[in-house]
Amino acid sequence: MTTTLITGGTVVSATGRAAADVLIDGETIVAVLQPGSELLGTDIAASVDRVIDATDRYVIPGGIDAHTHMQMPFGGTDASDTFETGTRAAAWGGTTTIIDFAIQNQGGDVFEGLGKWHDLAAGNCAIDYGFHQIIGGVDDAALAAMPKLIDEGISSFKLFMAYPGVFYSDDAQILKAMQVSRETGLLTMMHAENGPVIDALAAQLVDQGKTDPFYHGIARAWQMEEEATHRAIMLANLTGAPLYVVHVSAKQAVEQLAWARDKGQNVFGETCPQYLYLSLEEQLGATSEEWGAFEGAKWVCSTPLRSREDGHQDYMWQALRTNDLQMVSTDHCPFCMKDQKELGRGDFRKIPNGIGSVEHRMDLMYQGVVTGRLSLERWVELTSTTPARMFGLYGRKGVIQPGADGDVVIYDPSGHTSIGVDKTHHMNMDHSAWEGYEIDGHVDTVLSRGKVVVDGGVYVGTKGDGRFVKRGLSQYLT
């Protein structure tokens, strides 16, 4: 086994920071020591296989992106990142664990869907991975299968209040699934948008000739996110189930979450970088010489980008500071413009929904530290520690302490990262949703279970470095 000493850096956790050295034996952190400590000998550096100098750098637990969709079928095509390309890009950006979504479609078998995703991921991932289970057809067989997911290391499932005819669950189905959640401790994850109303609005817009990507954001009005979020909260309240609302984008939806949390309900929410930085006006309404008004298709995702004029972005940052939102994931579901997004030319309803961000989440959130929107500790909490706690990985992931996996990122606050297709871009896409963004920091070195996979900004890992990780029940519930 290889022994590694990370020395000279500042170890940052969700609760503080301190100068410390980190000793990794094989795949596991075995000691966090004060600089100069002789507890393990007078010259530890001479006794290990590798010494990494982290002077003037932050040493943080590897990022956990708890919401990705590698190779997901959607809108007549598949997400363009495979588990190989997507996890490699994640490693470049300082993420050492993803939690992707296995899919059960309507009429399908839950465990057949799970098995398919295991087949897609096994032996292909650059970093560790787990699964949530999408329950796309809440029927008696699915309800009976759900408790057995826990034995498979899958402690959360996702329902959709959107996409009628694809993944949509009605209120009665949601009620029944949440009853299983209450009985078992499985965490209910919810895509909270009123799908039937959105579909009606979208059809009306297309009938009026309003077919550009901009109208994707108009059809998916914030009222329909607020309404669905409230409805999910009330169903969770009725059943006693814990609820985690994914990709929250509207400030009114956050207000619903805060209302429920203030009453003591086990309700949580995540947002994504796109809802902190991007907007309806600037991105969905963008034009270009190449694509014209279809340029906005690059940023078509659901929930949609919201109006900057209405202040949604600033509200999301505020909610992260006040813990009305607990996490930042990406909802990474990339599609190329050529042959994929352009399926929706002339009808925004046919544009595959998704943005690629798995490579840039840690950097984009660190920029929030630079601008004073977040503390350094909150950065680590949002991107690593809380995801580990929320989804049953804490102790092994999300923290630098003895017994934890050697998932460590060395981050240089004096470095710089320029994002763009010809700059920092390793996702399998023909464009970047983050073209031109500049980050006042840089991922220098990434270790996954003690193995260096990124060194000096160069990927040195291999296909198959990542393993499936079984998760326990959520450690975040009260």
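The values are calculated or read from the model by the stated rules, or taken from the named source; none is laboratory data. These numbers come from a predicted model, not from an experiment. Glycine also receives a Cβ, built like all others from the backbone with ideal geometry; neighbour counts cover every protein chain displayed. Quick note on the areas: whole protein, heavy atoms, side chains included, nothing else; ligands and nucleic acids left out. Shrake-Rupley method; radii C 1.70, N 1.55, O 1.52, S 1.80 Å.
Kindly work out what percent of the DSSP beta bridges joining two residues of the chain are antiparallel, to the nearest 5.
45 percent
On C-alpha positions alone, give me the angle between the axis of helix 195-207 and the longest principal axis of the chain, in degrees, nearest 10. The angle comes out at about 60 degrees.
For the stretch 103-248, carbon and sulfur atoms together expose 51% of the accessible surface, with a 1.4 angstrom probe and every protein chain in place.
About the Cα centre of the stretch 248-377, what is the dipole size in debye to 20, counting +1 per Lys and Arg Cβ and -1 per Asp and Glu Cβ, all else neutral?
Working: 14 positive and 19 negative charges, 63 e Å.
Charge dipole, the stretch 248-377, about its Cα centre: 300 debye, nearest 20.
Mean separation of Cα pairs under 8 Å and 6 or more residues apart, divided by the residue count, gives the chain a relative contact order of 22 percent. Taking every protein chain into account, the 1.4 Å probe leaves GLU227 with about 60 Å² of accessible area, to the nearest ten. Over every Cα atom in the stretch 156-246, the radius of gyration and the widest Cα-Cα span, Dmax, amount to 14.6, 49 Å. Applying 1/(1 + (r/R0)^6) with R0 = 60 Å to the Cβ-Cβ distance of LEU343 and ASP53 gives a FRET efficiency near 0.75. Solvent exposure of the chain, expressed per residue, is 35 Å² of accessible area, with all protein chains present and a 1.4 angstrom probe.
Scattering from the stretch 368-432 was approximated by placing one identical point on each alpha carbon and applying the Debye formula without solvent; log10 I(q)/I(0) at 0.12, 0.16, 0.28, 0.29 1/Å stands at -0.47, -0.78, -1.08, -1.11.
Hey, could you get me the Stokes-Einstein D for the stretch 327-478, Kirkwood radius over alpha-carbon pairs, 25 °C and 0.890 mPa s, rounded to whole µm² s⁻¹? Walk me through the intermediate numbers first.
Values: Rh = 17.3 Å.
My calculation gives 141 µm²/s for D.
Placing ARG220, ARG88 in order of accessible area, with the largest value first and a 1.4 Å probe, yields ARG88, ARG220.
The aspartates and glutamates within cross-link reach of LYS470, meaning a Cα-to-Cα straight distance under 15 Å and a gap of 8 or more places when in the same chain, are ASP100, ASP128, ASP151, GLU152, ASP405. For the chain, the calculated P(r) over all alpha carbon pairs, in 10 Å bins from 0 to the bin holding the longest distance, is 4, 21, 32, 27, 12, 3, 1, 0 percent.
Can you compute the charge dipole magnitude of the chain about its Cα centre, using +1 on each Lys and Arg Cβ and -1 on each Asp and Glu Cβ, nothing else charged? Give it in debye, rounded to the nearest 20.
Working: 37 positive and 62 negative charges, 178 e Å.
Using only the charged Cβ atoms, the result is roughly 860 debye.
Placing unit charges on the Cβ atoms only, positive for Lys and Arg and negative for Asp and Glu, gives the stretch 110-170 a dipole magnitude near 140 debye about its Cα centre. Can you return the aspartates and glutamates within cross-link range of LYS251? Criterion is Cα-Cα under 15 Å, with same-chain partners fewer than 8 residues away left out. Answer for LYS251, where 15 Å is the Cα cut-off: GLU193, GLU225, GLU226, GLU227, GLU270, GLU309, ASP310, ASP314, ASP324, listed by chain and number. Since only ALA293, HIS216, SER329 are under comparison, the one whose Cα sits farthest along the positive direction of the charge dipole of the stretch 197-330, derived from C-beta charges on Lys, Arg, Asp and Glu, is SER329. In terms of distances greater than 27 angstrom between alpha carbons, the cross-link table entries LYS158/LYS263; LYS158/LYS451; LYS116/LYS158; LYS158/LYS397; LYS341/LYS423; LYS116/LYS397 yield LYS158/LYS451. Once the Cα-Cα distance is subtracted from the 0.36 nm per residue extended length, the LEU238 to LYS423 segment shows a gain of 61.6 nm.
Since only SER414, MET362, SER474 are under comparison, the one whose Cα sits farthest along the positive direction of the charge dipole of the stretch 338-478, derived from C-beta charges on Lys, Arg, Asp and Glu, is SER474.
The stretch 39-111 and the stretch 317-347 have Cα centres spaced 18 Å apart.
Computed over all pairs of different Cα atoms, the Kirkwood value for the hydrodynamic radius of the stretch 92-180 is 13.7 Å.
Listed by chain and number, the aspartates and glutamates placed with their C-alpha closer than 13 angstrom to that of LYS210 are ASP347; residues fewer than eight positions away on the same chain are left out.
How about the stretch 229-334: which trypsin sites (Lys or Arg not before Pro) there are in a DSSP loop, with at most 13 other Cβ atoms within 10 Å of their Cβ?
Details: sites: ARG231, LYS251, ARG261, LYS263, LYS298, ARG306, ARG308, ARG321; in loops: LYS263, ARG306, ARG308.
Within the stretch 229-334, the qualifying trypsin sites (Lys or Arg not before Pro) (loop, at most 13 other Cβ atoms within 10 Å) are LYS263.
How much length is gained if the chain between ASP139 and ASP262 is pulled fully straight, taking 0.36 nm per residue apart and subtracting their Cα-Cα distance, in nm to one decimal? Write down the numbers at each step before the final one.
Values: separation 123, 0.36 × 123 = 44.28 nm, distance 3.33 nm.
Extending this stretch completely gives an extra 40.9 nm.
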